[in-house]
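> Could you have a look at this structure, given as structure tokens, before my questions?
The values are calculated or read from the model by the stated rules, or taken from the named source; none is laboratory data. In this text the structure is predicted, and so the values were computed from the model without any measurement. Glycine also receives a Cβ, built like all others from the backbone with ideal geometry; neighbour counts cover every protein chain displayed.
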Amino acid sequence: MSLIEITEVRKSFGPNEVLKGINLDIEPGEVIAIIGKSGSGKSTLLRCINGLESINSGSISVAGAQLLPDELHLKALRLKVGMIFQQFNLFPHLTAGGNVILSQAVVKKTPKPEAEAIARQMLDRVGLAAKFDAYPDELSGGQQQRVAIARALAMRPIALLCDEITSALDPELVGEVLAVVRSLAAEGMTLLMVTHEMKFARDVCSRVVFMHHGKVHEIGRPEAVFANPQTPELKQFLGML
Amino acid sequence: MTQFTLWDIFRNLLLATRWTILLSLVSFLGGGILGLILLFMRIGHNRAAQFFSKIYVEIFQGTPLLMQLFLAFFGLGLFGINVPAWLAAGVALIAWTAAFLVEIWRGCVESVASGQWEAAASLGMGYLQQMRYVILPQALKIAVAPTVGFSVQVIKGTALTSIIGFVELSKAGSVVTNATFQPFTVYGLVALLYFALCWPLSKSSQILERKLNVAHRNH
Ligand SMILES: Nc1ncnc2c1ncn2[C@@H]1O[C@H](COP(=O)(O)OP(=O)(O)O)[C@@H](O)[C@H]1O
Ligand SMILES: [Mg+2]
């Protein structure tokens with residue numbers, strides 16, 4: 001059984017069908033890059049997997065549990081699957097440490113000292129142990145994104161969804177965030193990431209998914225997908241870069 | 001005929017100012033509590049509650065405060081309930097204040113970026129937890145300046161209650177004028193007293209707003 005099973009998922013916004021029957025099974029420890037043109041439905045797919053959008057038909061299951069849109073099931077799902085956003089979305093009224101502690105304390109009811117210890121440990125893991133008491137607006141974009149990763153990791157998820165997590169960063173800050181993702185991949189974390197970093201996808205990912213018009217248009221190992229694209233759309237997409 | 005010194009006039013007005021302050025405080029606190037309840041109805045997930053809160057705001061913002069005072073004062077009288085002026089004034093002002101505070105606060109809650117809700121949701125927080133730990137703390141900071149600013153409107157609003165016979169600063173002004181025949185002096189002092197109440201509030205609202213804008217720090 002796969003860790004994440006996405007079967008015939010359809011999603012429309014009004015008359016606009018954005019996901020047109022997506023099938024994708026992800027094994028534990030896989031690192032999957034989702035590439036494709038803007039508007040092809042990449043973000044929507046990740047948001048559906050995390051329950052931020054509800055699907056119109058099809059099914060999504062994570063670690064054997066079906067995704068259902070009530071608060072109890074959503075909470076159970078989100079404890080298993082963390083999400084990192086393009087805009088970081090750190091809580092600006094809390095310090096880096098506070099950001100990492102909050103959901104542990106509130107959702108998991110982890111006792112304060114333990115939550116703090118875990119927060120320090122997670123911030124250390126992303127190389128920001130020294131920034132425990134810094135507020136988000138005192139951090140660079142790359143540092144903020146790393147805090148966001150630490151915050152998601154503190155919930156001990158079995159998979160992470162990353163939606164263009166380096167797209168809002170200045171070029172010189174991209175590397176530090178990718179380095180963290182690379183180390184997570186090396187430790188066996190299951191990752192599903194929408195990305196424009198083709199070199200990174202080639203180096204780190206086990207499979208690459210090319211989305212086009214709301215469908216998985218092509219899928220395969222990175223060396224195959226990049227070196228030998230089968231469809232004109234993927235050829236054109238790769239040529240555009 | 002007795003001669004009134006300036007001090008006599010001022011002393012009488014000052015005594016009446018107590019009632020303006022008390023009525024303002026009651027209206028603001030009562031309106032704040034009612035406003036908070038209406039706010040949670042408005043931003044909660046219950047459709048009926050949302051609708052009620054919305055209609056409430058539209059009715060109280062869409063009619064003059066004066067009419068609301070009349071209705072509270074005379075309307076209840078129709079049912080044989082004898083409403084003293086202070087009660088009608090308090091009830092009407094609380095209801096009116098609440099309607100405006102809900103809208104101010106709703107704007108503050110909605111101005112918190114949607115990514116904040118999503119980040120909190122993606123970490124497994126339920127609606128109430130997202131609200132309590134992520135959205136409200138940020139909305140609260142944004143709300144301070146406009147809320148303090150609105151308190152000035154409440155103070156000015158209390159002046160209208162003189163029409164139903166509640167003796168606050170404005171009413172005292174006309175009473176004293178009738179006794180002294182010095183309208184310019186009396187109303188000049190009345191205005192001065194209102195200014196002394198309102199100006200510090202509007203000034204501090206401005207300062208608070210600038211402070212939050214410049215630093216743009218949420219701590
Ligand atoms: N909340 C929404 N309401 C309406 N349309 C949406 C919404 N979110 C996304 N869309 C539409 O869905 C399509 C796919 O968007 P998205 O998944 O963000 O694409 P991508 O991430 O691949 O750029 C776009 O046409 C977009 O306009
Ligand atoms: Mg996107």
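> Quick check, is B:Leu71 in a helix (DSSP H, G or I), in contact (Cβ under 8 Å) with a residue 12 or more places away in the chain, surrounded by fewer than 20 Cβ atoms within 10 Å (Cβ to Cβ) and of a type outside the set (Lys, Arg)?
Values: in a helix (DSSP H, G or I): yes; in contact (Cβ under 8 Å) with a residue 12 or more places away in the chain: yes; surrounded by fewer than 20 Cβ atoms within 10 Å (Cβ to Cβ): yes; of a type outside the set (Lys, Arg): yes.
Against the criterion (in a helix (DSSP H, G or I), in contact (Cβ under 8 Å) with a residue 12 or more places away in the chain, surrounded by fewer than 20 Cβ atoms within 10 Å (Cβ to Cβ) and of a type outside the set (Lys, Arg)), B:Leu71 qualifies.
> Shifting gears a bit: Pull out all pairs, ordered by first then second residue, where Cβ-Cβ is under 8 Å, the residues are six or more apart or on different chains, the first lies in the range A:140-165 and is within 17 Å of A:Ala76 (Cβ to Cβ) and modelled with pLDDT of 95 or more, and the second is within 16 Å of ligand 1 (Cβ to nearest atom) and assigned to a loop (DSSP other than H, G, I, E, B).
A:Leu161/A:Asn50
> Go over the candidates B:Ala196, B:Ala191, B:Ala139 one by one and state the one that is of a type in the set (Gly, Ala, Ser) and buried (at least 18 other Cβ atoms within 10 Å of the Cβ). Can you show your working first?
On the way: B:Ala196 fails: buried (at least 18 other Cβ atoms within 10 Å of the Cβ); B:Ala191 fails: buried (at least 18 other Cβ atoms within 10 Å of the Cβ).
Criteria check complete, one pass: B:Ala139.
> Looking at (1) in contact with a helix residue (DSSP H, G or I) (Cβ under 6 Å, 6 or more places away or on another chain); (2) without any contact (Cβ under 8 Å) to a residue 40 or more places away in the chain, can you tell me which one A:Val180 breaks?
Evaluating A:Val180 over (1) in contact with a helix residue (DSSP H, G or I) (Cβ under 6 Å, 6 or more places away or on another chain); (2) without any contact (Cβ under 8 Å) to a residue 40 or more places away in the chain leaves (2) as the failure.
> In the range B:159-173, which residue that is hydrophobic (A, V, I, L, M, F, W, C) and crowded, with 23+ Cβ neighbours inside 10 Å is nearest to B:Asn82 (Cα to Cα)? First the steps, then the outcome.
If we filter the range B:159-173 for residues that are hydrophobic (A, V, I, L, M, F, W, C), which is where we start, we get B:159-160, B:163-164, B:166-167, B:169, B:172.
When the remaining residues are screened for being crowded, with 23+ Cβ neighbours inside 10 Å, the result is B:166, B:169, B:172.
Numbers: B:Phe166: 15, B:Leu169: 24, B:Ala172: 23 Å.
The residue in question is B:Phe166.
> Looking only at the range A:32-46, count how many residues are within 22 Å of A:Ala185 (Cβ to Cβ) and either within 14 Å of chain B (Cβ to nearest Cβ) or within 12 Å of ligand 2 (Cβ to nearest atom) (or both). Give the derivation first.
Within the range A:32-46, the subset within 22 Å of A:Ala185 (Cβ to Cβ) is A:32-36, A:42-43, A:45-46.
Imposing the further condition that a residue be either within 14 Å of chain B (Cβ to nearest Cβ) or within 12 Å of ligand 2 (Cβ to nearest atom) (or both) reduces the set to A:34-36, A:42-43, A:45-46.
Residues meeting the conditions: 7.
> Could you check the range B:11-56 and list, in sequence order, the residues that are among the hydrophobic types (A, V, I, L, M, F, W, C) and closer than 23 Å to B:Trp117 by Cβ? Write out each step before concluding.
Quick first cut of the range B:11-56, residues among the hydrophobic types (A, V, I, L, M, F, W, C) only: B:13-16, B:19, B:21-23, B:25-26, B:28-29, B:33-34, B:36-41, B:43, B:48-49, B:51-52, B:55.
Answer for the range B:11-56, where residues must be among the hydrophobic types (A, V, I, L, M, F, W, C) and closer than 23 Å to B:Trp117 by Cβ: B:Leu36, B:Ile37, B:Leu38, B:Leu39, B:Phe40, B:Met41, B:Ile43, B:Ala48, B:Ala49, B:Phe51.
> Another one. Collect the residues in the range B:33-64 that are surrounded by 20 or more Cβ atoms within 10 Å (Cβ to Cβ) and either outside any helix (DSSP H, G or I) or touching a Leu at 6+ places or on another chain (Cβ under 9 Å) (or both), keeping them in residue-number order.
Of everything in the range B:33-64, those that are surrounded by 20 or more Cβ atoms within 10 Å (Cβ to Cβ) and either outside any helix (DSSP H, G or I) or touching a Leu at 6+ places or on another chain (Cβ under 9 Å) (or both) turn out to be B:Gly35, B:Leu38, B:Leu39, B:Ser53, B:Val57.
> Could you tell me whether A:Ser2 is more than 16 Å from ligand 1 (Cβ to nearest atom) and farther than 30 Å from A:Ala134 by Cα? Full working, then the answer.
Values: more than 16 Å from ligand 1 (Cβ to nearest atom): yes; farther than 30 Å from A:Ala134 by Cα: yes.
Yes; evaluated as a whole, the condition is true for this residue.
> Mind listing whichever residues of the range A:73-94 are more than 9 Å from chain B (Cβ to nearest Cβ) and at pLDDT below 90?
Correct list: A:His73 only.
> Can you name every residue in the range B:11-25 that is buried (at least 18 other Cβ atoms within 10 Å of the Cβ) and of a type outside the set (S, T, N, Q)?
Taking the range B:11-25 as the starting set, the residues that turn out to be buried (at least 18 other Cβ atoms within 10 Å of the Cβ) are B:12-13, B:16-17, B:19-20, B:23-24.
The answer is B:Leu13, B:Ala16, B:Trp19, B:Leu23.
> Give all pairs with beta carbons closer than 9 Å in which a residue from the range A:80-106 that is under 20 Å from B:Ile142 (Cβ atoms) meets a residue that is surrounded by 24 or more Cβ atoms within 10 Å (Cβ to Cβ) and of a type in the set (Ser, Thr, Tyr); count only pairs at least 6 apart in sequence or on separate chains.
A:Asn89/B:Ser122
> Limited to the range A:51-72, what total is found for residues that are touching a Lys or Arg at 6+ places or on another chain (Cβ under 8 Å), surrounded by 18 or more Cβ atoms within 10 Å (Cβ to Cβ) and more than 9 Å from chain B (Cβ to nearest Cβ)?
3
> Among B:Ala119, B:Ala85, B:Ala99, which is within 25 Å of B:Leu160 (Cβ to Cβ) and either within 14 Å of chain A (Cβ to nearest Cβ) or crowded, with 21+ Cβ neighbours inside 10 Å (or both)?
Working: B:Ala119 fails: within 25 Å of B:Leu160 (Cβ to Cβ); B:Ala85 fails: either within 14 Å of chain A (Cβ to nearest Cβ) or crowded, with 21+ Cβ neighbours inside 10 Å (or both).
The unique qualifying residue is B:Ala99.
> Tell me which residues, restricted to the range A:23-77, are part of a helix (DSSP H, G or I) and more than 16 Å from ligand 1 (Cβ to nearest atom).
Step one: of the range A:23-77, the residues part of a helix (DSSP H, G or I) are A:42-49, A:71-77.
Within the range A:23-77, A:Glu71, A:Leu72, A:His73, A:Leu74, A:Lys75, A:Ala76, A:Leu77 meet the criteria.
> A follow-up question, please. Taking interchain pairs and intrachain pairs at least six residues apart, which have beta carbon atoms under 6 angstrom, with the first residue in the range B:24-51 and without any contact (Cβ under 8 Å) to a residue 40 or more places away in the chain and the second hydroxyl-bearing (Ser, Thr, Tyr)?
B:Met41/B:Ser53
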